[in-house]
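Right, one structure below, let's go through it.
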Amino acid sequence: MVSKRITIVVFCLVMAIMVCFSIFLLLSFTIDDAKLNKVSQSDYSKYGAISLTIAGENTDNIQFANTSLFQFTTIEEKDLKNQNVIKKEGNDLSFYALRFLGIPGDNKQDSNVSFRLKVIDADLVTEKIFLERVNINEFAVVDKEKKYFFLNESFNTNSEKEGVTNFEISSYHYNKSTQNLQFIFSFNVDGENNETGNTMSIIGNVDVML
């Protein structure tokens, strides 16, 4: 009888130790994951962001304006080299940057925006700036009426035949020492070339590190 009681006590002690150890491990992993997530988000967002505002009227002719911040890049060096690029050829500069709405790798956050910008005769009196292309991929625009549509398009300065007009660039500035690029772009998409059936305006505010 005594032996049986000892066995039960030992069993209870072992179970208690296992439970305590499991709780310790769970708390340790939770703390480590929190630290990792904090560090990771900082790493993903350290190259600056693109703010995108899309405005117009929905299919019921009700006005809407949607602003989103695309602030994440990949942290994989081999991918970053292709998604955060500056090239210099003589006096000309070419920029390409891609930013995600959510941290890359999350299947629910595939939305991204990218651009190609070219500067001819940079810093010279003959300087000219061209926004060659803006890409908006897998992005859902939601209005106050909870209606939504997806943008999965590529827009360029030669897209007038596709109903894209009034491409403009302003507030351009590039800091060579920090490789910080800033500019604002805007253009319109006519109603026949977007799902609202009405003219839509797109404005982007770029502030990125390359």
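Points to keep in mind about this one:
- Between Leu117, Leu69, Leu98, the distinction of being open to solvent by 40 Å² or more (accessible area, probe 1.4 Å), at pLDDT 90 or above and not charged (D, E, K, R) belongs to Leu69 only.
- For Lys81, the test of being under 24 Å from Tyr47 (Cβ atoms), open to solvent by 60 Å² or more (accessible area, probe 1.4 Å) and assigned to a strand (DSSP E or B) is failed.
- Restricting attention to the stretch 167-201, the residues being open to solvent by 60 Å² or more (accessible area, probe 1.4 Å), closer than 19 Å to Val113 by Cα and modelled with pLDDT of 90 or more number 2.
- Across the stretch 155-166, the qualifying residues are those that are modelled with pLDDT under 90 and of a type in the set (S, T, N, Q), and the one among them that is surrounded by the fewest Cβ atoms within 10 Å (Cβ to Cβ) is Asn158.
- Only a single item in (1) surrounded by 10 or more Cβ atoms within 10 Å (Cβ to Cβ); (2) modelled with pLDDT of 75 or more; (3) of a type in the set (Ser, Thr, Tyr) is not met by Ser42, and it is number (1).
- Any chance Tyr148 is within 15 Å of Leu93 (Cα to Cα), among the aromatic types (Phe, Trp, Tyr) and within 22 Å of the chain's Cα centre (by Cα): no
- Scanning the stretch 48-66 for residues that are of a type in the set (Val, Ile, Thr) and open to solvent by less than 20 Å² (accessible area, probe 1.4 Å) turns up Ile50, Ile54.
- Candidates Leu131, Leu181, Leu210, Leu151 - the one that is touching a residue at least 24 places away in the same chain (Cβ under 8 Å) and more than 23 Å from Tyr44 (Cβ to Cβ): Leu131
- Condition check for Lys144: without any contact (Cβ under 8 Å) to a residue 12 or more places away in the chain and farther than 22 Å from Lys81 by Cβ: no
The values are calculated or read from the model by the stated rules, or taken from the named source; none is laboratory data. Remember, predicted model here, so these are calculated numbers, not experimental data. Neighbour counts run over all protein chains shown; Cβ positions are idealised from the backbone, glycine included. We work out accessible area using only protein heavy atoms, side chains counted, and drop any ligands, DNA or RNA first. Shrake-Rupley method; radii C 1.70, N 1.55, O 1.52, S 1.80 Å.
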